[in-house]
Structure formats: structure tokens, C-alpha cells
Amino acid sequence: MTRTVYVNGEYLPETEAKVSIFDRGFLMADGVYEVTSVLGGKLIDFDGHAIRLARSLNELDMNNPISKEDLLVVHRELVRVNEIDEGMIYLQITRGAPSDRDFAFPDPDTTPCTIVLFTQNKPGLANSPAAKVGMKVISIEDIRWGRRDIKTVQLLYPSMGKMMAKKAGADDAWMIEDGFVTEGTSNNAYIVKGNTIITRALSNDILHGITRAAVLRFAQEAQMDVEERNFTIEEAMQADEAFITSASTFVMPVVEIDGAILGDGTPGRVAPRLREIYLEESLKKAI
Ligand code: PDD
């Protein structure tokens with residue numbers, strides 16, 4: 001089945017979808033994105049992603065080219081025509097395609113934003129075997145720009161970080177700035193000590209994860225303690241457990257950090273429980 005994608009108001013087979021070579025997303029990484037997961041054919045936390053998208057656009061002085069209601073219609077239509085049961089919807093909005101390359105922003109009245117959405121079919125996403133064994137992470141320096149709270153498409157360093165992890169025989173990397181863990185290359189990072197979940201507080205240093213917000217809420221409702229504070233990689237290496245969260249991995253246990261095995265090297269108690277709660281509660285509210 002050819003995937004149907006959405007480009008600037010049209011639903012098209014992926015082979016016919018086109019974006020200009022002058023698009024600022026392509027030339028300048030001048031764009032923002034969102035990834036929303038789909039479970040049972042329904043969208044997880046659509047509202048949270050739509051709100052963060054509007055914030056990212058606003059922070060970059062870009063017009064929001066689509067209302068939340070219309071965005072929901074497009075998401076649902078793509079899920080329907082592509083018959084997605086489990087997977088993701090990728091959405092990208094760029095500052096559009098002016099007639100030539102220029103550092104200055106184009107006039108938004110004459111250069112409309114480019115909007116692209118496509119589905120990624122991932123059967124078995126919720127029941128991932130990786131969640132049962134946990135993942136290995138390495139630490140790398142965080143050399144990204146200072147506005148990581150904006151979900152821009154500047155993903156070269158996260159891609160390089162994942163490659164460094166792969167070369168080191170690990171699954172992903174956690175980034176370190178001024179001695180403290182910021183976040184994973186494409187996820188938020190947590191450690192667990194006893195009954196306490198520790199994760200860096202929100203600021204411009206990290207992406208304000210939609211999964212993070214939900215998981216911390218569920219953790220508190222389940223009487224777990226949450227501490228939003230900085231932690232070092234050394235503290236993480238001695239933690240009882242660790243995990244990451246993101247729209248594509250939900251809650252994923254981490255069992256090894258820079259070669260140090262956490263606990264008995266299996267996912268432990270807290271992360272798997274949080275994954276279970278997250279999936280159960282998010283599915284109830286999925287639309
Ligand atoms: N990444 N931190 C970074 C740097 C991220 O790129 C992401 C998401 C997160 C988690 O945010 P959320 O819970 O809203 O997905 C944290 C997406 C999934 C991606 O790039 O594919």
C-alpha cells in the first residue's frame with residue numbers, strides 16, 4: 001500500500017509529494033516538528049502536542065498555518081487512509097519557500113509556511129520487546145544550541161549522538177552540560193532512587209516532553225515521589241533504576257549507563273510499572 005501523506009492542504013501518495021528546494025526547512029533547518037503516537041488507531045495526547053507546536057511556532061515568530069481542529073482532522077484522516085493501528089504521525093512546519101536563499105526571514109504574507117504530515121506504521125509499538133530488556137546508554141557532551149525547549153528540526157547533533165552510541169555498542173546517548181545530564185538525544189532522562197523519581201527541571205535546556213508531563217502526573221497519583229532537579233552521570237550510574245520517556249518509546253527502562261549496570265541489569269520495578277500506567281491511562285484518553 002502506498003503511503004498517503006499531507007502536504008500544504010493536499011493528501012497525496014508519498015511518491016507525488018513535493019517541497020521546494022528553497023524551502024527554509026531544507027536550507028536552514030528553519031522549522032519545527034511534532035511526533036504524536038497512535039495506539040489502537042487513536043492519537044495519544046494530541047492536545048499536548050498541538051499546544052507545544054503552537055508554542056514552538058510562536059517562539060520562532062512563525063504563523064500557525066492550521067487550527068487545532070483542522071490539525072486533528074488531518075491526523076485522523078492520515079491514520080484512517082493509511083490504516084495505522086500502532087505507530088506515529090510526524091508533523092513538520094517550516095517557514096516556507098521564498099524565491100531564493102536568504103538569511104532574513106521572508107514576509108509571511110507572501111511566503112506561507114510549509115506543512116507536511118506523514119504516518120509511520122509501527123506494529124507492536126506498545127508491546128515492545130526492548131521495554132522488557134531495557135536499553136544501554138552512553139554519555140556525550142551536550143553541544144546543542146540554547147533553545148532546546150523549541151522543537152526545531154535541527155537534529156544533526158542528536159543523530160550524531162545516536163551514531164556515537166551505536167559505535168559504542170549502546171542504544172542511545174544522554175547528554176551532559178556543566179556536569180549534569182540534560183536529556184537523551186530524542187527523549188527525557190530519569191533516574192530512580194528508592195521510591196523517588198529524579199529528572200531535570202523544565203527550562204530552555206531541555207525539551208518539555210509531553211510524555212514527561214503525563215508520566216510525572218501519573219507517578220504522583222501513584223504515590224511515587226518526584227524530584228525535579230539536576231543529576232550527574234555518576235549519580236545516575238549508582239541509581240537503582242533509570243528510564244527515558246518520549247512519544248515514540250513511552251517509558252523505556254535503561255539498564256546500563258556508560259558501562260555501569262544498574263541494579264541486577266534488568267528493568268527493575270518503577271519504570272515497568274510507570275510504562276504500564278502510562279499506556280493504560282493514555283489509551284483511556286486517546287482520541
Ligand atoms: N523526540 N527530548 C528531546 C530532545 C526529544 O527530541 C524528544 C522527543 C523528547 C520527548 O518529548 P515527547 O515526550 O513530547 O515526545 C525529549 C521525538 C519523539 C522525536 O524526535 O522523534
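Largest GNM mean-square fluctuation across ILE93, ILE21, ILE257, computed for the chain with C-alpha springs under 10 Å, falls on ILE21.
Here THR196 and TYR11 are evaluated by their C-beta separation; at R0 = 30 Å the FRET efficiency comes out at 0.05.
Which pairs, out of LYS42/LYS284; LYS18/LYS122; LYS18/LYS42, put more than 22 Å between their alpha-carbon atoms? Write out the running numbers ahead of the final one.
Values: LYS42/LYS284 10 Å; LYS18/LYS122 24 Å; LYS18/LYS42 28 Å.
Beyond 22 Å: LYS18/LYS122; LYS18/LYS42.
Quarter the surface of the alpha carbon convex hull of segment 130-285 and you get the mean projected area, 8.5 square nanometres. Stokes-Einstein, applied to the Kirkwood radius of segment 4-121 over Cα pairs at a viscosity of 1.002 mPa s and 20 °C, places its translational diffusion at 146 µm² s⁻¹. Pair-distance distribution P(r) for segment 191-246, from all Cα-Cα distances in 5 Å bins starting at 0: 4, 18, 31, 28, 16, 4 percent. Direction-averaged projected area, Cα convex hull, the chain: 15.0 nm², rounded to one decimal. Averaging the Cα positions of each part gives two centres, and for segment 164-228 and segment 30-52 these lie 19 Å apart. Shown in residue order for segment 179-192 are the 3J(HN,Hα) couplings computed by the Karplus curve 6.51 cos²θ - 1.76 cosθ + 1.60 at θ = phi - 60°: x, 10, 5, 8, 6, x, 4, 9, 6, 8, 10, 9, 10, 10 Hz (x for Gly and Pro).
Backbone geometry of segment 112-118 corresponds, through the Karplus equation with coefficients 6.51, -1.76 and 1.60 at θ = phi - 60°, to 3J(HN,Hα) couplings of x, 4, 9, 10, 10, 9, 8 Hz, x marking Gly and Pro.
No lab work stands behind these numbers, since they all come straight from the coordinates. Computed from a prediction, not measured in an experiment: that's the story for all the values here. In this analysis, Cβ positions are derived from the backbone assuming ideal geometry, glycine residues included, and neighbour counts consider all displayed protein chains.
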